[in-house]
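The values are calculated or read from the model by the stated rules, or taken from the named source; none is laboratory data. A quick note: this is a predicted structure, and the numbers were derived from the prediction, not measured. Cβ placement follows ideal geometry from the backbone for every residue including glycine, while neighbour counts extend to all protein chains displayed.
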Amino acid sequence: MIRELCDKVVSLTYSDLPVPLIDRARQLFLDGLAVAIAGTDERAIHLLAHHYHAYGARPDATVLGLGFRTAAPCAAALNGAAMHVLDFEPMWLPANHAVSTTLPAVLALAETHHTDGREILTALVKGIEIQGWIRQAGHAAALSGEIFHPPGVGPLTP
């Protein structure tokens, strides 16, 4: 079953995506960038940026809106924090914050591997889908009786 899931994820290409899904992925991409730029006004993001900038890591990936580059994992973490800090993120079932946890990693990897827009959108779709599958498999998709939505991909419950 795991192998089938992995094969499905690996084999999915841009040409497999229906036009409405491509349109939605583009909207999520643009929304994620806009919210990240807005998030860079927050003090917490400036503190985190100072922390990551102090690493002096190789400038492989862009930190959105803050004028410096850093190692891909650092850029992904900082951009993800900026995307999430204002909590303006689309939600769906299963409830999670899939854009701020997926798009920053996709952007950092795309920049370091010089991928194109089609590959970026396909990776974004794959990442969001995988999060949903994990939450559903862990029975974390139901919100019955919840006051607040459960976070990201965990905790998973049997």
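So here's what we get for this one:
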{"item": "Selection count, segment 72-91, where residues are surrounded by fewer than 18 Cβ atoms within 10 Å (Cβ to Cβ) and over 15 Å from Leu33 (Cα atoms)", "result": "2"}
{"item": "Total residues in segment 105-128, condition of a type outside the set (Gly, Ala, Ser) and free of Cβ contacts under 8 Å to residues at least 60 places away in the same chain", "result": "9"}
{"item": "Number of positions in segment 29-53 that are in contact (Cβ under 8 Å) with a residue 40 or more places away in the chain and among the acidic types (Asp, Glu)", "result": "2"}
{"item": "Failed condition for Ala44, given (1) under 18 Å from the mean Cα position of the chain (by Cα); (2) at pLDDT 95 or above; (3) of a type in the set (Gly, Ala, Ser)", "result": "(1)"}
{"item": "Qualifying helices (runs of 4 or more DSSP H) (wholly inside segment 1-65; at least 1 residues being of a type outside the set (Val, Ile, Thr), over 22 Å from His114 (Cβ atoms) and in contact with a Leu (Cβ under 8 Å, 6 or more places away or on another chain))", "result": "19-39, 43-54"}
{"item": "Residues of segment 20-71 satisfying the condition of being polar (S, T, N, Q) and surrounded by 12 or more Cβ atoms within 10 Å (Cβ to Cβ)", "result": "Thr40, Thr62, Thr70"}
{"item": "Residue selected from segment 92-132 under the condition among the hydrophobic types (A, V, I, L, M, F, W, C) and surrounded by fewer than 15 Cβ atoms within 10 Å (Cβ to Cβ), by the criterion modelled with the highest pLDDT", "result": "Trp92"}
